Amino acid sequence: MPISGYLAPRRERPTAPVPIYDQATKRERRRRWLTVVLDDQFRLDDEVAAICGPIALRAVDDPTPAANLTRIEAVADAVSGLCVAAAELVADSDIRRLDATNRRRAREAMRAVSRSALPTITADDLADGSWVEPLVDLARPHTAPLAHLLGRQASDRRGGPTASEAMLTVLRDLDRAALAAHRRLDAAERHRAQVGSRTAPTDPAQAARDTLRELGLGTSEQETT
């Protein structure tokens, strides 16, 4: 039998609210390759401090800080790359107006400026943890412009990755460098624990009793008089 009239419209199911994560939660989700979108609440300088700070605290406890220098220099290089990426994203609309040759020159110049601003890290800096603040300072000028950009372009692809996706790529480079530094510190801690257990000082009195027992002279005060 033909249906006459209009069908009743389907009820629209309520859309689940989009979860709101703080920056620390987004960091953990990023490291687990879960969906993350950076927005205008993202603070680049805070991110650098949150990633580098724990490494510095652990490195301070290492009696041979110079042994960690290579790994921490790699962390610093990743922070520099992060700053370059932020600067390029913020300046992208201006860079796009240039021809291909000058676009390349502009990006090369940005990288050179960032490399020249990268602080030199020494063993003394590792010993007192003072290497982190210069890296945070390096990121600070990019923080507000990047946050503004992310607020406008987090989901605007314009034929390529969004600003959020581009930043997540370089943030994962920093995550990898930080993980390598933590693994180096883990290995150093295990080594110190093993060496410490083999060379742990013994109680002098107990050592004397053990020596007497080994020599068959007994261990009581009566036996040794």
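Place +1 on the Cβ of every Lys and Arg and -1 on the Cβ of every Asp and Glu in the range 23-198, take the dipole about the Cα centre, and give the residue among L98, A49, A76 whose Cα lies farthest towards its positive end.
Farthest towards the positive pole: L98.
Calculate the spin-label point distance for H182 paired with D99, positioning each point 7 Å from the Cα along the beta-carbon direction, and give it in nanometres.
Placing both labels 7 Å along Cα→Cβ, they lie 4.9 nm apart.
Counting pairs of alpha carbon atoms under 8 Å apart in space and at least six apart in sequence, what relative contact order in percent does the range 23-198 give? Could you put the intermediate results ahead of the total?
Details: 179 pairs, mean separation 70.8, N = 176.
Reported relative contact order: 40 percent.
Near V60, within a Cβ-to-Cβ distance under 15 Å, what is the net charge of the other residues, with Lys and Arg +1 and Asp and Glu -1?
For residues surrounding V60, the net value is -3.
Return the whole-Å distance between the Cα centroid of the range 162-196 and the Cα centroid of the range 65-112.
Measuring centre to centre over Cα atoms gives 20 Å.
Tell me, what ³J(HN,Hα) does each residue in the range 167-172 have, in order and in whole Hz, if you take phi through Karplus 6.51 cos²θ - 1.76 cosθ + 1.60 with θ = phi - 60° and put x for Gly and Pro?
For the range 167-172, the Karplus-derived couplings read 5, 4, 4, 6, 5, 5 Hz, x marking Gly and Pro.
Under the rule a/c < 1.5 gives rounded, and otherwise a/b versus b/c splits prolate from oblate, where does the range 78-184 land using the Cα gyration tensor?
Numbers: a/c = 2.24, a/b = 1.68, b/c = 1.33.
Since a/c reaches 1.5 and a/b is larger than b/c, the shape of the range 78-184 is classed as prolate.
The numbers here are math on the coordinates, done by the rules we state, and not lab data. Not measured: the values here are computed from a predicted model. For neighbour counting, all protein chains shown are included, and Cβ atoms are generated from backbone atoms with ideal geometry for every residue, glycine included.
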